[in-house]
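Data block below; observations after.
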Amino acid sequence: MHRMNESAWLVRKLSAAVLFAALPIAMPIAMPIAAVAQTAPAVPPVKLGLVTFLTGPAAGPFGIPGRNSAEIMIEMLNAGKVPAPYATAGLAGAPIVPKFVDEAGSTANQVTEFRNLVQRDGVNAIVGYVSSGNCLAVAPVAEELKALTVFFDCGTPRIFEEKPLKYVFRATPHATMDNVGAARYVLKKFPELASFSGINQNYAWGQDSWRDFVAAMKALAPKATVDKELLPKLFAGEFGAEISALLTANSKVVHSSFWNGDLESFIVQNGARGLPARSTMVYTAGETAMFRLGAKIPDGTIIGARGPHGVMAPDTPLNKWFRQVYEDRFATAPTYPAYHMAQSILGLKSAWEKAAAAKGGQQPAIDDVVKAFEGIEFEGPSAKIRMAIGNGHQGIADIAYGSFRFNKAEGKAEIVDIVRYPAECVNPPANMTSTAWLEAGMPGAKCN
Amino acid sequence: MITVIAIVTDGLVYAAWLFVVAIGLTLIFGVMKILNVAHGAFYAFGAYAAATAIGLYFDRGWPVVGGYLAVATAAIAIGLVMGYILERVFLRRVYGKDEVVVVLITYALFLILEDVLILIWGTDGRSAYQPYVEAGSFIVGGLPLSVYDIGLVGFAGLLAIAASYTIKKTTFGRLLTAVIYDRETAAAFGVDVSQIYTVTFLVGAVLGALGGALTAPKISVTPGLGVEVIVLAFAVVAIGGMGSMEGALVGALIVGLFRAGAVHLIPQLELFSIYAVMALVLVFRPQGLFSRAQPRKI
């Protein structure tokens with residue numbers, strides 16, 4: 001017994017000596033582990049699905065700026081580094097774990113990927129979709145799966161107008177605002193406009209944009225008529241015949257909601273054939289192309305950014321911070337898809353934390369977040385967003401339009417003559433669909 | 001009058017582009033009986049290679065005229081390299097196999113090459129507008145036309161003449177015709193069919209890449225542009241008759257003029273017009289307008 005006690009004593013002494021000797025080595029390793037243990041999240045992370053074009057034609061101008069924006073917003077939110085009112089970490093203290101999914105591929109493929117995100121990956125919420133077609137296809141599936149989904153960019157007004165939705169939100173105003181803003185700006189520049197033409201892509205976004213622009217023009221300038229109405233296929237790339245048709249129409253103004261390569265190709269092709277000398281071009285999504293094309297865009301071209309984003313954004317602390325971190329990381333200025341993504345994530349954070357506050361700071365259930373999201377108001381980097389229409393699921397905000405000018409002295413693209421229109425001036429009221437509002441002559445629009 | 005001028009010129013420009021794209025496809029099918037879906041990849045790689053070459057060339061401030069040479073050189077180089085690799089490594093192994101197998105292989109190659117393209121050039125679009133813009137424009141009947149576009153019509157015309165001359169007047173053309181009609185008999189008479197196949201595939205690949213390269217200065221070169229083109233090229237080849245050069249020319253002209261007419265007169269039918277023409281032709285001529293009589297083997 002004595003011998004055994006003696007052995008045990010010896011083992012204890014040896015162990016203590018070894019531990020003491022190893023302390024200087026173990027400390028640097030142990031400290032971070034202890035620190036990690038101390039800073040380990042008190043609440044489980046929120047898994048966030050992020051769907052945007054990572055490949056394909058829409059990746060460059062839309063998908064990648066959206067992804068980049070999500071990357072920095074999530075990183076900064078997790079670190080609690082976003083300026084007020086978003087300075088708290090994560091979503092009510094829960095760190096955000098992103099899972100990016102490529103939006104490229106067929107609409108059917110997107111529905112499958114959406115189900116995978118919800119049912120296989122178990123994400124808590126999804127922020128995503130550039131394509132209007134994908135938004136229309138995913139919305140009913142989100143309802144079926146009771147999956148909180150925030151559309152970040154797609155523009156078709158039909159999402160909440162065709163059927164009320166519970167789990168789907170869009171913190172980005174839809175295309176009606178773009179086209180009402182464009183019509184108001186066009187008529188400010190050309191008050192006596194007698195006729196106009198349009199060239200828009202032949203799918204949901206292009207058709208809705210053109211329909212809304214024509215309806216807004218009809219309301220604001222009833223005598224103006226349509227000269228040419230062209231709807232080439234998406235990603236056509238070659239617009240020789242369309243440009244000839246516009247040249248022969250000789251309209252004072254040509255409206256286009258083109259984006260991506262189609263927009264750039266169209267600008268170059270029509271420029272080479274002198275169309276801008278006959279007609280002022282109005283590009284409702286033109287901001288994404290202006291830095292790439294620079295001087296190839298004629299001065300005076302009317303440019304929209306689907307909101308008061310990018311160069312048209314106000315000089316607020318949140319906007320200054322957003323532009324700075326984006327430019328520091330990606331060496332380029334954020335264009336409107338980056339703003340759309342940022343404001344969608346901030347909208348989700350606002351709703352999440354409102355729901356958490358209602359539960360005394362505890363993590364909310366998804367249904368609590370859904371309830372909190374409805375009708376919420378929050379600050380985006382470029383404007384205040386009010387979830388004011390679509391039963392509180394569709395955001396409205398101000399919009400700005402301006403005229404392009406290439407600053408030869410500094411060699412950079414600029415927007416001048418910027419006019420900002422209030423949200424209630426360019427968005428339908430809560431009790432009307434876009435089409436009904438436009439056809440009725442935009443009753444209740446408050447523009448001052 | 002201006003509308004007629006516009007329909008004719010726009011139709012010819014579109015037809016020229018379609019012909020340049022489709023002639024390589026129809027040549028490969030005519031000789032090798034391969035429905036080459038990977039032709040869309042030749043087109044896309046040609047466009048990217050040209051956009052890169054134009055960027056490198058014009059960034060140095062060199063004379064504009066050399067830029068057109070850069071486009072042609074890039075297309076020929078990329079077509080030869082890709083054509084050689086595809087023919088030697090993949091297609092050579094499946095000659096004589098069921099046509100469906102060959103279509104599946106070229107389709108698989110097309111999909112793989114789409115991803116290779118993104119690996120090389122990334123997802124951002126590329127623009128190389130200088131050759132198009134620098135060429136300038138001129139006015140016909142009040143309608144400004146692009147010199148580059150009209151140049152494309154001229155190039156397509158020369159290509160059609162060169163193709164016709166090569167097939168009818170040269171030794172290689174006669175050998176080609178022999179292989180087209182009966183590969184086994186041609187081989188029995190000492191024609192090196194394997195070599196004819198390689199040369200044909202390389203020429204087809206270069207023409208596909210050239211189609212993309214000539215389009216690059218007009219468009220924003222983005223991933224996925226090969227998909228759009230291959231469908232149109234197949235429509236043209238189907239109208240003209242699979243494997244017929246004259247058919248590709250006439251098919252391109254019909255599609256080009258119908259499409260231009262639709263854009264100017266009934267724009268709502270633009271998308272429908274191309275496939276309506278194809279359906280109409282195939283109702284009366286299921287083998288296409290210029291399909292060859294098939295020799296019956298005994």
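The values are calculated or read from the model by the stated rules, or taken from the named source; none is laboratory data. The shown structure was predicted, so the numbers you read here are calculated from the model rather than taken from an experiment. Every residue, glycine as well, gets a Cβ built from its backbone with ideal geometry; the counts of neighbours run over all protein chains shown.
Here are some notes:
- Verdict on B:Asp149 being of a type in the set (Asp, Glu), touching a residue at least 24 places away in the same chain (Cβ under 8 Å) and out of contact with any Pro (no Cβ under 9 Å at 6 or more places or on another chain): yes
- Residue count for segment A:249-270, restricted to those that are without any contact (Cβ under 8 Å) to a residue 60 or more places away in the chain and within 7 Å of another protein chain (Cβ to nearest Cβ): 4
- Residues in segment B:123-155 that are within 14 Å of another protein chain (Cβ to nearest Cβ) and part of a helix (DSSP H, G or I): 13 in all.
- Among the residues making up segment B:59-95, a single one is within 15 Å of B:Leu35 (Cβ to Cβ) and not in a helix (DSSP H, G or I): B:Tyr95.
- Residues in segment A:49-68 that are hydroxyl-bearing (Ser, Thr, Tyr) and either more than 9 Å from chain B (Cβ to nearest Cβ) or crowded, with 24+ Cβ neighbours inside 10 Å (or both): A:Thr52 only.
- Among (1) assigned to a helix (DSSP H, G or I); (2) touching a residue at least 24 places away in the same chain (Cβ under 8 Å); (3) away from chain A (no Cβ under 14 Å); (4) among the aliphatic types (A, V, I, L, M) - the single one B:Leu56 does not satisfy: (2)
- Matching residues, segment A:188-227, being within 14 Å of chain B (Cβ to nearest Cβ) and under 23 Å from A:Gly155 (Cβ atoms): A:Ser197, A:Gly198, A:Ile199, A:Asn200, A:Gln201, A:Asn202, A:Tyr203, A:Gly206, A:Gln207, A:Trp210, A:Arg211, A:Val226
- Checked against the criterion of being more than 14 Å from chain A (Cβ to nearest Cβ), touching a Phe, Trp or Tyr at 6+ places or on another chain (Cβ under 9 Å) and farther than 21 Å from B:Gly212 by Cβ, segment B:98-107 contains one or more residues that satisfy it.
- Single residue of B:Thr166, B:Thr185, B:Thr177 found to be out of contact with any strand residue (DSSP E or B) (no Cβ under 6 Å at 6 or more places or on another chain), modelled with pLDDT under 90, surrounded by 14 or more Cβ atoms within 10 Å (Cβ to Cβ) and more than 14 Å from chain A (Cβ to nearest Cβ): B:Thr177
- Test: residue in segment A:410-420 that is of a type in the set (Asp, Glu) and part of a strand (DSSP E or B): yes
- Only one entry of A:Leu234, A:Leu293, A:Leu230 meets the criterion of being closer than 18 Å to A:Gly155 by Cβ, within 11 Å of chain B (Cβ to nearest Cβ) and either surrounded by fewer than 24 Cβ atoms within 10 Å (Cβ to Cβ) or in contact with a Leu (Cβ under 9 Å, 6 or more places away or on another chain) (or both), and that entry is A:Leu234.
- Filter pass, A:Arg273 being basic (Lys, Arg), at positive phi and crowded, with 21+ Cβ neighbours inside 10 Å: no
- The single condition among (1) more than 16 Å from the chain's Cα centre (by Cα); (2) closer than 16 Å to B:Ala16 by Cα; (3) surrounded by fewer than 17 Cβ atoms within 10 Å (Cβ to Cβ) that B:Tyr148 does not satisfy is (3).
- Going through (1) more than 30 Å from B:Ile266 (Cβ to Cβ); (2) within 14 Å of chain A (Cβ to nearest Cβ); (3) out of contact with any Phe, Trp or Tyr (no Cβ under 7 Å at 6 or more places or on another chain); (4) crowded, with 24+ Cβ neighbours inside 10 Å one by one, B:Tyr48 falls short only on (3).
- Flag for B:Gln195 being over 30 Å from A:Arg273 (Cβ atoms) and either in contact with a Cys (Cβ under 7 Å, 6 or more places away or on another chain) or part of a helix (DSSP H, G or I) (or both): yes
- The condition (being of a type in the set (D, E, K, R) and assigned to a loop (DSSP other than H, G, I, E, B)) is satisfied by just one residue among A:Arg292, A:Arg306, A:Arg329: A:Arg306.
- Meets criteria (more than 29 Å from B:Gly173 (Cβ to Cβ), among the β-branched types (Val, Ile, Thr) and modelled with pLDDT under 90) for B:Val231: yes
- For segment B:236-252, the criterion of being under 18 Å from B:Ala38 (Cα atoms), surrounded by 17 or more Cβ atoms within 10 Å (Cβ to Cβ) and of a type in the set (Val, Ile, Thr) is met by at least one residue.
- Test for A:Leu246: is it in a helix (DSSP H, G or I), among the hydrophobic types (A, V, I, L, M, F, W, C) and more than 8 Å from every other protein chain (Cβ to nearest Cβ): yes
- Inter-residue pairs, beta-carbon under 8 Å, first facing chain A (nearest Cβ under 10 Å) and over 11 Å from A:Ala241 (Cβ atoms) and in segment B:5-24, second surrounded by fewer than 24 Cβ atoms within 10 Å (Cβ to Cβ) and of a type outside the set (A, V, I, L, M), 6+ apart: B:Ile5/B:Gly141; B:Trp17/A:Glu238
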